[in-house]
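The values are calculated or read from the model by the stated rules, or taken from the named source; none is laboratory data. Computed from a prediction, not measured in an experiment: that's the story for all the values here. Cβ: placed from backbone, ideal geometry, glycine included. Neighbour counts: every protein chain shown. Heads up: the accessible areas ignore ligands, DNA and RNA and are worked out on the full protein's heavy atoms, side chains in. Shrake-Rupley method; radii C 1.70, N 1.55, O 1.52, S 1.80 Å.
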Amino acid sequence: MPPKYYPTRGHLLVCQGSSCQARGSSLLHQALWKHLEREALSYYKQGGSVRLTTSGCLGACNHGPTMCVYRQRPEGLEEGWYAAMDFPLASRVAQAVHEGTPLPAEHRYGPPEEIPVGSH
Ligand code: FES
């Protein structure tokens, strides 16, 4: 029997590379995980829709903790890249993914606006 498939509205990845860990990314991931659990936003909760995992280095080591988010939008796959991430901002990104609202602009460094979605 195949594993259960969980549909999600977006996927958040918090870097756990050594530079980001030195800037607190492990605690950030733990706090965000607990928040998603408590608010029933996690994809495996009733009514939840957000997937959260860790990642290896995301290539912005001097600006961590780094987080990226991917989600499907009517116009295509949207990605958001964040530097100097903290818990309040990460929880707002998760809420935006859950509600399907625009991603917060604060601390977002990519992709550049001139790159149209789906062109790369
Ligand atoms: S260690 Fe996090 S971006 Fe490199």
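Worth pointing out:
- Scope region 20-57; condition near the ligand (Cβ under 7 Å from one of its atoms) and open to solvent by 40 Å² or more (accessible area, probe 1.4 Å); matching residues: Cys57
- Residues located in region 65-83, provided they are in contact with a strand residue (DSSP E or B) (Cβ under 6 Å, 6 or more places away or on another chain) and either without any contact (Cβ under 8 Å) to a residue 24 or more places away in the chain or open to solvent by less than 60 Å² (accessible area, probe 1.4 Å) (or both): Thr66, Met67, Cys68, Val69, Arg71, Glu78, Glu79, Gly80, Trp81, Tyr82, Ala83
- Close Cβ contacts (under 7 Å, 6 or more residues apart or on different chains) running from residues in region 13-26 that are in contact (Cβ under 8 Å) with a residue 24 or more places away in the chain to residues that are of a type in the set (A, V, I, L, M) and more than 6 Å from the ligand (Cβ to nearest atom) comprise Leu13/Met67; Val14/Leu28; Val14/Leu32; Val14/Met67; Cys15/Met67; Ser25/Val14.
- Within region 90-111, residues that are of a type in the set (Asp, Glu) have Cβ atoms under 8 Å from residues that are at pLDDT 95 or above and outside any loop (DSSP other than H, G, I, E, B) in these pairs: Glu106/Leu89, counting only partners at least 6 apart in sequence or on another chain.
- Members of region 1-37 that are under 21 Å from Thr101 (Cα atoms) and at pLDDT 95 or above: Thr8, Arg9, Gly10, His11, Leu12, Leu13, Val14, Leu32, Trp33, His35, Leu36, Glu37
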